[in-house]
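Undergrad: Right, I'll just put the structure down here and ask away after.
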Amino acid sequence: MPNKLNIVLMGPPGAGKGTQSELIVKKYGIPHISTGDMFREAIAEKTPTGLKAQSFMEKGLLVPDEVVISLVKERLSKDDCKNGYLLDGFPRTIAQAESLTALTKEIGRPVQSVILITADADSLIERIVSRRVCPSCGNSYNLLSKKPHKDGICDNCGHELIQRKDDTREAFSTRLDAYKTSTEPLINYYSKQGLLGEVDGLEEIEVVFKNISNLIEENN
Ligand code: AMP
């Protein structure tokens, strides 16, 4: 069994976190905790958390820390996280990272590996505007690099694909600013703790995944 199954996946919007997450959870059998997906579900179900998050998300702004932290706290306390977890899109601020340290200590599963998927802004915008997602099972596709077998239909569950409201050029630029201002400082934060590993997100999907697997399976 690999050594490092308490994983945080980081990277700018469009770097491929969702696609790589699908592959990681399939290979290692750990739960995929995507705060973005959890908010999208909460919005669809019109829960109090969804109502709090919706306006921030649609503009591409970060949802306030306290809302995100309480969502993750509840999720990490579930039994399926006992053998590891993949956090995708959390933490995104230093305050979230500090809370995560405390939360993971409580459950006895401290973060062991922070994987940063890198990519430059110009490549990201093209990926973002050509992204399509399945609102039912969450699978994600790309009209340029990862087309569904049948146009507009999810390979996994047959549901019609949609374009996310925050996958416009305007919201993307806000999301990229939020990443640079609030999330990039985490690179230094985790690097100082010796937890950070980097992979180039502009390689082919399979190559990126191989590099991520190597980071998860390495011994120290
Ligand atoms: P994602 O699916 O990870 O791209 O997230 C979509 C949107 O959800 C973000 O642009 C934020 O508005 C919100 N969101 C997801 N995760 C977080 C987080 N950890 N902190 C604040 N906002 C978040």
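The values are calculated or read from the model by the stated rules, or taken from the named source; none is laboratory data. Small disclaimer: the values here were computed from a predicted structure and weren't measured. Here the Cβ is made from the backbone with ideal geometry for all residues, glycine too, and neighbour counts use every protein chain on show. Heads up: the accessible areas ignore ligands, DNA and RNA and are worked out on the full protein's heavy atoms, side chains in. Shrake-Rupley method; radii C 1.70, N 1.55, O 1.52, S 1.80 Å.
Undergrad: Could you state, as a whole-number percent, how many of the C-alpha pairs of the chain are farther apart than 32 Å? Walk me through the numbers before you get to the answer.
TA: On the way: 2838 of 24090 pairs.
Counting every Cα pair in the chain, those more than 32 Å apart make up 12 percent.
Undergrad: Roughly how many percent of the accessible protein surface of the stretch 23-132 is carbon and sulfur, given a 1.4 Å probe and a whole-percent answer?
TA: Carbon and sulfur atoms account for 53 percent of the accessible area of the stretch 23-132.
Undergrad: With springs only between Cα atoms under 10 Å, which of T101, T168, T183 fluctuates most in a Gaussian network model of the chain?
TA: Answer for the Gaussian network model of the chain: T101.
Undergrad: For every other residue with a beta carbon closer than 12 angstrom to the beta carbon of T168, add +1 if it is Lys or Arg and -1 if Asp or Glu, then tell me the sum. Provide the component values of the computation, followed by the final result.
TA: On the way: positive: K59, R131, R164, K165, R169, R175; negative: E58, D166, D167, E170.
Its environment carries a net charge of +2.
Undergrad: For E160 and E204, what does the FRET efficiency come to when R0 = 30 Å and r is the distance between their Cβ atoms, rounded to the nearest 0.05? Mind showing how you got there, number by number?
TA: On the way: r = 28 Å, r/R0 = 0.92.
Computed FRET efficiency for E160 and E204: 0.65.
Undergrad: Right, next: Do you know the relative contact order of the chain, to the nearest whole percent, from alpha carbon pairs under 8 angstrom that are 6+ apart?
TA: Working: 329 pairs, mean separation 68.0, N = 220.
Relative contact order of the chain: 31 percent.
Undergrad: I'd like the projected area of the stretch 94-194, averaged over all directions, using the convex hull of its alpha carbons. Report it in nm² with one decimal. The partial results should precede the final answer.
TA: Numbers: hull surface 33.4 nm².
Averaging across all directions leaves 8.3 nm² for the Cα convex hull.
Undergrad: Let me ask another. Roll a 1.4 Å probe over the protein heavy atoms and report the accessible area of D88 in Å², nearest 10.
TA: Using a 1.4 Å probe on the heavy atoms, I get roughly 10 Å².
Undergrad: Rounded to the nearest 0.05, what FRET efficiency do S213 and A102 have when you use their Cβ-Cβ distance and R0 = 35 Å? Don't jump to the answer; show the numbers that get you there.
TA: On the way: r = 29 Å, r/R0 = 0.83.
After rounding to 0.05, the efficiency reads 0.75.
Undergrad: Then there's this: Which trypsin sites (Lys or Arg not before Pro) in the stretch 69-114 sit in a loop by DSSP (not H, G, I, E or B) and have at most 12 other Cβ atoms within 10 Å of their own Cβ? Spell out each step's value before the answer.
TA: Numbers: sites: K73, R75, K78, K82, R92, K105; in loops: K78, R92.
Loop-located and lightly packed - K78.
Undergrad: Using the Cα atoms as the points, what is the convex hull volume per residue of the stretch 137-220 in Å³? Before the final figure, lay out the partial values.
TA: Values: hull volume 11.8 nm³, N = 84.
Dividing the Cα hull volume of the stretch 137-220 by its residue count gives 140 Å³.
Undergrad: OK, next. Rolling a 1.4 Å sphere over the protein heavy atoms, what is the accessible area per residue of the stretch 24-180, to the nearest Å²?
TA: Details: 8290 Å² over 157 residues.
That works out to 53 Å² for each residue.
Undergrad: While we're here: For the stretch 128-177, place one equal point scatterer on every Cα, skip the solvent, and apply the Debye formula. What is log10 of I(q)/I(0) at q = 0.14, 0.31 Å⁻¹?
TA: With one equal scatterer per Cα and no solvent, log10 I(q)/I(0) is -0.34, -1.12.
Undergrad: Net charge near K105: determine it from the other residues with C-beta under 14 Å of the C-beta of K105, scoring Lys and Arg +1 and Asp and Glu -1.
TA: Computed value for this residue: 0.
Undergrad: With a cap of 16 neighbouring Cβ atoms within 10 Å, and only residues DSSP puts in a loop, list the GluC sites (Glu not before Pro) found in the stretch 111-210. Could the numbers behind the result be given before it?
TA: Details: sites: E126, E160, E170, E198, E203, E204, E206; in loops: E203, E204.
Those that pass, being in a loop and sparsely packed, are E203, E204.
Undergrad: Now, a different point. Filter the GluC sites (Glu not before Pro) in the stretch 28-76 to those in DSSP coil with at most 14 other Cβ atoms within 10 Å of their Cβ, and list the result.
TA: Working: sites: E41, E45, E58, E66, E74; in loops: E45.
Loop-located and lightly packed - E45.
Undergrad: Using a 10 angstrom cutoff on alpha carbons, build the Gaussian network for the chain and name the most mobile of L62, L144, L124.
TA: Result: L144 has the largest fluctuation of those listed.
Undergrad: Right, here's the next one. Please compute the net charge surrounding G60, taking Lys and Arg as +1 and Asp and Glu as -1 over other residues with Cβ under 12 Å from its Cβ.
TA: On the way: positive: K59, R164, K165, R169, R175; negative: E58, D166, D167, E170, D177.
Neighbourhood net charge equals 0.
Undergrad: While we're on this one: Considering the chain as a Gaussian network with a 10 Å cut-off on Cα pairs, which listed residue, K59, K165, K147, attains the greatest mean-square fluctuation?
TA: Among K59, K165, K147, the largest mean-square fluctuation in the Gaussian network model of the chain belongs to K165.
Undergrad: Next up: With +1 on the Cβ of every Lys and Arg and -1 on the Cβ of every Asp and Glu, and nothing else charged, how large is the dipole of the stretch 160-220 about its Cα centre, in debye rounded to the nearest 20? Provide the component values of the computation, followed by the final result.
TA: Working: 7 positive and 13 negative charges, 69 e Å.
Its charge dipole is roughly 340 debye.
Undergrad: If you count, for each residue, the other Cβ atoms within 10 Å and average over each peptide, how do 128-134, 191-197 line up from highest to lowest? Please report the intermediate quantities before stating the final value.
TA: Numbers: 128-134: 19.7, 191-197: 13.9.
Sorting 128-134, 191-197 by mean packing, highest first, produces 128-134, 191-197.
Undergrad: Excluding same-chain residues fewer than 8 positions from K4, which lysines have a Cα within less than 26 Å of its Cα?
TA: Result set, ordered by chain and number: K17, K26, K27, K73, K78, K82, K105, K192, K210.
Undergrad: What is the magnitude of the charge dipole of the chain about its Cα centre, with +1 placed on the Cβ of each Lys and Arg, -1 on the Cβ of each Asp and Glu, and no other charges, expressed in debye to the nearest 20? Walk me through the intermediate numbers first.
TA: Values: 28 positive and 31 negative charges, 72 e Å.
That gives a dipole near 340 debye.
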